[in-house]
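Working notes, beginning with the structure itself.
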Amino acid sequence: MRNWLLATGLSAAVAGLHAGPALTALAPVRRRLRALSGVGRPGTVALTLDDGPDPGSTPAFLRSLARLRVPATFFVLGGMAAKAPDLLRRIREDGHELGVHGWTHRDHLRMRPALVYDELARTADLLLATCGVPPIWFRPPYGILCAGSLLAAARLGLRPVLWSAWGRDWEAGATTDSVLAHLRRGGIRGGATLLLHDSDRAAAPGAWRSALGALTAIAGDCERQGLRLARISDHLP
């Protein structure tokens, strides 16, 4: 269970992460930890969507992904998933991958380690019970990893992964154009992991529409470069 800690070079740093966990949310730090930032196979780009499943927005993403024939990895909140089990199953049945984002969208730095473990375990158990497949991947809310979240993930056999480019689609002023500009600045290129949100659970109301509108252009950017959009499990070695 601790192999990913060794592979990402984090094992020696776990004890110190509680003092400076927000660093993992910063692009320069993520880039130095390539596996943690989701830098994967050169011919693929991983599309990831956080904060759902949300009955008010996730179905629109599923329809668009089906039209584009694009798979994605959804990092879900257990509290949201518990209210929408049929939607959770639909995500899986549509060929997408499910990962753990937490039970609530709370900063793990502000939670007791035991509560962090409980949130991740409850969410992982819910995904297994609802869809019959144990989750592999974990992404903390806000991208903030601390010793408690790393150790909880290791105990549960979850591998943490962040992102290499984000669309800042949670902002009140986000538009499809601004989302694409941020993603392209971060790099829609081979090996990248892209972060968007299929819910406004922790965002400005309706902000998810900016991410939804960007999907077609993202797929087009990848196609022009000869890249394949993929689930995290098909993207990371």
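The values are calculated or read from the model by the stated rules, or taken from the named source; none is laboratory data. For clarity, every value in this text was computed on a predicted model and none was experimentally measured. Positions of Cβ are backbone-derived with ideal geometry, glycine not excepted, and every protein chain shown enters the neighbour counts.
Regarding Thr130, is this residue touching a helix residue (DSSP H, G or I) at 6+ places or on another chain (Cβ under 9 Å), in a helix (DSSP H, G or I) and hydroxyl-bearing (Ser, Thr, Tyr)?
For Thr130, the condition - touching a helix residue (DSSP H, G or I) at 6+ places or on another chain (Cβ under 9 Å), in a helix (DSSP H, G or I) and hydroxyl-bearing (Ser, Thr, Tyr) - is met.
I'm told Ala154 meets every condition in (1) modelled with pLDDT of 95 or more; (2) surrounded by fewer than 24 Cβ atoms within 10 Å (Cβ to Cβ); (3) more than 30 Å from Leu115 (Cβ to Cβ); (4) among the small types (Gly, Ala, Ser) except one. Can you identify the failing condition by its number?
Here Ala154 meets the rest and fails (3).
Does Asp107 count as acidic (Asp, Glu), out of contact with any helix residue (DSSP H, G or I) (no Cβ under 7 Å at 6 or more places or on another chain) and surrounded by fewer than 24 Cβ atoms within 10 Å (Cβ to Cβ)?
On the way: acidic (Asp, Glu): yes; out of contact with any helix residue (DSSP H, G or I) (no Cβ under 7 Å at 6 or more places or on another chain): no; surrounded by fewer than 24 Cβ atoms within 10 Å (Cβ to Cβ): yes.
Criteria not met by Asp107.
State the number of residues belonging to the range 63-87 that are of a type in the set (A, V, I, L, M), part of a helix (DSSP H, G or I) and within 27 Å of Gly148 (Cα to Cα).
Result for the range 63-87: 2.
At positive phi and outside any helix (DSSP H, G or I): which single residue out of Arg201, Arg189, Arg168 fits that description?
Matching residue, one of Arg201, Arg189, Arg168: Arg168.
Each row is one residue, and each column tells you yes or no for (1) in contact with a strand residue (DSSP E or B) (Cβ under 7 Å, 6 or more places away or on another chain); (2) at pLDDT 50 or above; (3) farther than 22 Å from Pro205 by Cβ.
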residue: Met1; (1), (2), (3): no, no, yes
residue: Gly38; (1), (2), (3): yes, yes, yes
residue: Pro71; (1), (2), (3): yes, yes, yes
residue: Met80; (1), (2), (3): no, yes, no
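Of everything in the range 109-125 that's in contact (Cβ under 8 Å) with a residue 24 or more places away in the chain and closer than 29 Å to Ala165 by Cβ, which residue is farthest from the chain's Cα centre (by Cα)?
Per the criteria, the residue is Met111.
Could you check Leu195 against (1) of a type in the set (A, V, I, L, M); (2) in contact with a strand residue (DSSP E or B) (Cβ under 9 Å, 6 or more places away or on another chain); (3) part of a helix (DSSP H, G or I) and say which number it fails?
(3)
Among (1) free of Cβ contacts under 8 Å to residues at least 60 places away in the same chain; (2) crowded, with 21+ Cβ neighbours inside 10 Å; (3) in contact with a Gly (Cβ under 9 Å, 6 or more places away or on another chain); (4) within 23 Å of Leu236 (Cβ to Cβ), there is one condition Thr193 misses while meeting the rest; what is its number?
(1)
Considering only residues that are touching an Asp or Glu at 6+ places or on another chain (Cβ under 9 Å), over 16 Å from His105 (Cβ atoms), in contact (Cβ under 8 Å) with a residue 40 or more places away in the chain and in a loop (DSSP other than H, G, I, E, B), which ones fall in the range 134-160?
Residue satisfying the conditions is Ile136 alone.
Name every residue in the range 205-218 that is part of a helix (DSSP H, G or I) and more than 18 Å from the chain's Cα centre (by Cα), in order of residue number.
Gly213, Thr216, Ala217
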